[in-house]
Amino acid sequence: MSALDLGRGTPSSPRPVGAAGSGRSGPVRGAAASMHVDWTLCDGRGLCTELLPELLERDEWGHPVAVGQPPASRSDVTVPPELVDAARDAVALCPRAALRLRPLPLP
Amino acid sequence: MTTLAPPPVPSSTGGTRHPAPNGVRRLFAAADPSLAAHLAAFGPLTLDHAGPDLIAELQGAGLDGRGGAHFATWRKLAAARAEQQGRGGPAARGRHRAVVVGNGAEGEPLSRKDATLLDRAPHLVLDGLLLAAATVGASRAVLYTTPRLLPVVEAALRERGDASDVTLVEAPDTFLSGEASSVVAAVEGRPAVPSDRIARLTTSGVGGRPTLVQNVETLAQLALVARFGVAWFRSVGAPAEPGTRLVTVSGGDGRSPMATAATPGGAGRVLEVTGTMSLRRIVEAAGVDPTRLRAVLVGGFHGAWLPVGALDLPFTREALHPWGASPGAGVVWALTADGCGLAAAAEITTYLAGQSARQCGPCLNGLPRLADVLGRLARGDRATWLPGEVTRLAGLVTGRGSCHHPDGTARLVFSTLQAFADDVRHHLEGRCLAGGPGPSVPSATPTRPGEGR
């Protein structure tokens, strides 16, 4: 699987950010998103924490910790609109392909 | 077979309905595990209700999942059925046909209610499995359980002619083998460890197929609802939490939790109880003297402590909620008045750290550190930073795993600090509220781990 493949998922899973198959095409401008961390893949390389210092810190073993998010949102990190571009870079550049960007679930 | 079946009585729908079990002895109403005793106690299985009718009945009955998470059973069946229908219903083929799995892994070391149920009432579980499969339109039904119980279920399958399609999958003896995504992995033939999920299993589970994983007690209860209906199901128990549930009560004898769990033949007593019974009554019914206790651990190793003053609470989610506890998988372990809650919790946390699937960094790294720091506190290390570090580490791992193992471990640890706050203070002062020799280890760690990083 490619890190750019944001469109993975099953028919009834939430629609991926961006048009299916177009890889890098962006989310709806101005909309917040949700960044999913697959902890089984994450190795704590730390690239995401450098690209998204406003959102992510590192714990003492190097793994990302979402700053100021409730526990339920620490694996599905809420990304404000102004950081969605940086989050898309983090998804694309994660050496472990452990990140995925999705639209925020409806409330 | 030794039981005489009561005569069938006419039902309002014109057919005959077998009389329902009286009182709170429901799941164990059959005299023995044989098919004959099962039929004598419960009557024959019909799949007439399977489908939307059964889903509506389960909603009316208010049956929740008995594996620990309390998820509404009807919702899972409805979701799996809807997914199956969306993929073509009964005409769907191959990877579009749903799978139903009865989960009898029972990885909780202090639980043996599922094993007892499979030993004594395997046919009720199989009835539930077949009803669930027919309801969601599954083409595959699997019973997943431990090596010891596989022959028991095999023998039950051989007794009946309607379950030849049920396949058996072996559950390894690990804490996480019963986690729903571990179950899916095992059914797929992979190691039974959790996986990262973004879709519900009812949408995409075994081989991408809609998958319903239900605890075996949930299936047995489902089989009773299908036979005897909503009004009967709700005729015992608390209005908000009707019916019976199985509990495993152990401890109260001065042994540690892991020593209890290592008891040959299984720990504790399995009881069928209702939500109108207090914890005190449940503990007493299991032969444990509640006046000799300090606290009880409820829900399992991912559960929470209740001080002995809270024993008069009924065993319901609603009553236990303010304590951060829930009936969970029905585990109740009693800490005696001369036992140290910090020592018991440290032992459990060490076990849980060792049961990490070692896939997720925060769990793999954080739980052993958490167990180490809590262990120091329990053993009498008087470094004043220990309680704060326990809190920090429990908070650090929470919400940061692909399964809930770190969250559940943190829940137990937070509950420990709350329930045994006085013990923490005494330990730091070099004393222990529990009887026995008490801690005597001086602080060997002048600096906090991680400082100066």
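The values are calculated or read from the model by the stated rules, or taken from the named source; none is laboratory data. What you see is a predicted model, and the numbers here were worked out from it, not measured in a lab. Note that we place each Cβ from the backbone using ideal geometry, even for glycine, and neighbour counts take in every protein chain shown. Accessible surface is based on the protein model in full, side chains and every heavy atom, while ligands, DNA and RNA are left aside. Shrake-Rupley method; radii C 1.70, N 1.55, O 1.52, S 1.80 Å.
Rounded to the nearest 20 debye, the dipole magnitude of chain B is 700 debye, with +1 charges on Lys and Arg beta carbons, -1 on Asp and Glu beta carbons, and the Cα centre as origin.
Between B:Asp48 and B:Gln418, full extension at 0.36 nm per residue minus the direct alpha carbon distance yields a gain of 128.2 nm.
Computed over the protein assembly as shown, the P(r) curve from all C-alpha pair distances, binned at 20 Å from the origin, holds 20, 50, 27, 3 percent per bin.
Among B:403-410, A:89-96, sorting by the average number of other beta carbon atoms lying within 10 angstrom of each residue, highest first, gives B:403-410, A:89-96. Computed from the Cβ-Cβ distance with R0 of 45 Å, the FRET efficiency linking A:Glu60 to B:Thr263 stands at 0.70. Sorted largest first, the spans of the alpha carbon positions of the range B:52-118 along the three principal axes are 43, 30, 18 Å. The H on the amide N of B:Leu212, modeled in the peptide plane, is under 5 Å from the matching H of B:Val99, B:Val100, B:Val101, each at least 5 residues off or on a different chain. Once both labels are positioned 7 Å from their Cα atoms along Cα-to-Cβ, the gap between B:Arg197 and A:Ala32 label points is 2.6 nm. Rank B:Thr73, B:Gly89, B:Gly104 by how far each Cα sits towards the positive end of the charge dipole of the range B:70-116 (+1 on Lys, Arg Cβ; -1 on Asp, Glu Cβ) and give me just the farthest. The one lying farthest along the dipole's positive direction is B:Gly89. Sorting the segments B:272-280, B:130-138 by their mean number of nearby beta carbons within 10 angstrom, highest to lowest, gives B:130-138, B:272-280.
Which whole number gives the average count of other chain Cβ atoms within 10 Å of the Cβ atoms across peptide B:360-367? Walk me through the intermediate numbers first.
Details: counts 8, 10, 11, 1, 3, 6, 4, 0.
Counting other chains' Cβ atoms within 10 Å and averaging over B:360-367 gives 5.
3J(HN,Hα) along the range B:327-343: x, x, 8, x, 7, 10, 10, 9, 9, 6, 4, 9, x, 9, x, 5, 5 Hz, from the Karplus curve 6.51 cos²θ - 1.76 cosθ + 1.60 with θ = phi - 60°, whole Hz, x for Gly and Pro.
If you take the accessible area of A alone, add that of B alone, and subtract the area of the pair, what total do you get in Å², probe 1.4 Å, to the nearest 100? Can you show the working numbers first?
On the way: alone 6340 and 18450 Å², together 22880 Å².
Roughly 1900 Å² of accessible surface disappears when A and B pair.
With point charges of +1 on the Cβ of Lys and Arg and -1 on the Cβ of Asp and Glu, referenced to the Cα centre of chain B, which listed residue (B:Gly208, B:Ala61, B:Ala20) lies farthest in the positive direction of the dipole? Result: B:Gly208. About its Cα centre, the range B:90-176 has a charge dipole of approximately 320 debye under the convention of +1 per Lys or Arg Cβ and -1 per Asp or Glu Cβ, with nothing else charged.
Could you work out, residue by residue across B:409-416, how many beta carbons of other chains sit within 10 Å of that residue's beta carbon, and then give the average as an integer? Provide the component values of the computation, followed by the final result.
Working: counts 0, 1, 0, 0, 0, 0, 0, 0.
Per residue, the number of nearby Cβ atoms from other chains is 0 on average.
Distant-in-sequence amide contacts of A:Val79, defined by a placed amide H-H separation under 5 Å and a gap of 5 or more residues or a different chain, comprise A:Ala33, A:Ser34, A:Met35. Couplings 3J(HN,Hα) for the range B:418-429, derived from phi with the Karplus relation 6.51 cos²θ - 1.76 cosθ + 1.60 (θ = phi - 60°), are 6, 5, 10, 4, 5, 5, 4, 4, 5, 4, 5, 8 Hz, where x marks Gly and Pro. For the protein assembly as shown, the Cβ-based charge dipole about the Cα centre amounts to some 700 debye (Lys, Arg positive; Asp, Glu negative; other atoms uncharged).
Inside 10 Å of the C-beta atoms of A:33-46, what's the mean count of C-beta atoms belonging to other chains?
On the way: counts 0, 0, 0, 2, 6, 7, 13, 12, 4, 7, 1, 3, 0, 0.
Average per residue, whole number: 4.
Report the local net charge at B:Ser278: Lys and Arg +1, Asp and Glu -1, summed over other residues whose C-beta lies under 10 Å from its C-beta. Walk me through the numbers before you get to the answer.
Working: positive: B:Arg280, B:Arg281; negative: B:Glu284, B:Asp312.
Net of charged neighbours comes to 0.
Classification of the range B:146-262 by its C-alpha gyration tensor yields a rounded form. The axis ratio a/c (a ≥ b ≥ c) stays under 1.5. According to the square roots a ≥ b ≥ c of the eigenvalues of the Cα gyration tensor, what is the shape class of the range B:89-147, taking rounded for a/c under 1.5, prolate for a/b larger than b/c otherwise, and oblate for the remainder? The shape class here is prolate. Label positions at A:Leu104 and B:Asp312, each projected 7 Å from the Cα along the C-beta direction, are separated by 4.7 nm. The residue list B:Thr135, B:Gly341, B:Leu396 was ranked by how far each Cα lies along the charge dipole of the protein assembly as shown toward its positive end, using unit charges on Cβ atoms, and B:Thr135 comes out on top. Rolling a 1.4 angstrom probe over the protein assembly as shown with all protein chains present gives an accessible area of which 54% lies on carbon and sulfur atoms. The convex hull defined by the C-alpha atoms of the range B:73-184 has an orientation-averaged projected area of 7.0 nm².
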